[in-house]
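Since the structure comes first, as structure tokens, the remarks are kept for the end.
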């Protein structure tokens with residue numbers, strides 16, 4: 001488990017180094033996740049240790065939302081003061097995500113034109 005966690009943190013560190021070195025607008029952990037994905041595709045999937053560790057992390061993922069919930073309760077006065085902007089951003093971002101998802105699904109489910117049915 002320690003080896004798998006170390007592997008995950010190394011990929012995150014590599015992504016952070018790349019993002020800061022090239023001053024990219026993409027967060028380092030996202031680049032690290034992309035590097036991990038490419039590595040797993042090349043290797044043919046995760047090893048047993050990485051698979052077991054990632055499943056354990058996913059089982060306890062809800063614990064990562066506790067600090068966010070605490071922050072919301074701590075700064076409730078700011079949410080009350082700025083609710084119109086928050087509501088507008090939530091509506092716009094949700095609508096945009098639904099439209100983009102629908103367009104991507106439509107594009108991906110389109111039959112190829114050169115193939116016989």
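The values are calculated or read from the model by the stated rules, or taken from the named source; none is laboratory data. Here the structure is a predicted model, which means the values were calculated and not measured. Quick reminder, even Gly has a Cβ in these numbers, built from the backbone with ideal geometry, and neighbours come from all protein chains shown.
Within the stretch 81-100, the presence of at least one residue that is exposed (fewer than 10 other Cβ atoms within 10 Å of the Cβ) and outside the structural domain of residue 2 (by TED's automatic domain parsing) is confirmed. Checking each residue in the stretch 34-56 for being surrounded by 15 or more Cβ atoms within 10 Å (Cβ to Cβ) and without any contact (Cβ under 8 Å) to a residue 24 or more places away in the chain picks out only 46. When residues of the stretch 57-73 are filtered for being surrounded by fewer than 10 Cβ atoms within 10 Å (Cβ to Cβ) and more than 30 Å from residue 3 (Cβ to Cβ), how many remain? Of the residues in the stretch 57-73, 2 are surrounded by fewer than 10 Cβ atoms within 10 Å (Cβ to Cβ) and more than 30 Å from residue 3 (Cβ to Cβ). Note on the stretch 8-36: residues that are more than 12 Å from the chain's Cα centre (by Cα) and closer than 14 Å to residue 54 by Cβ total 5.
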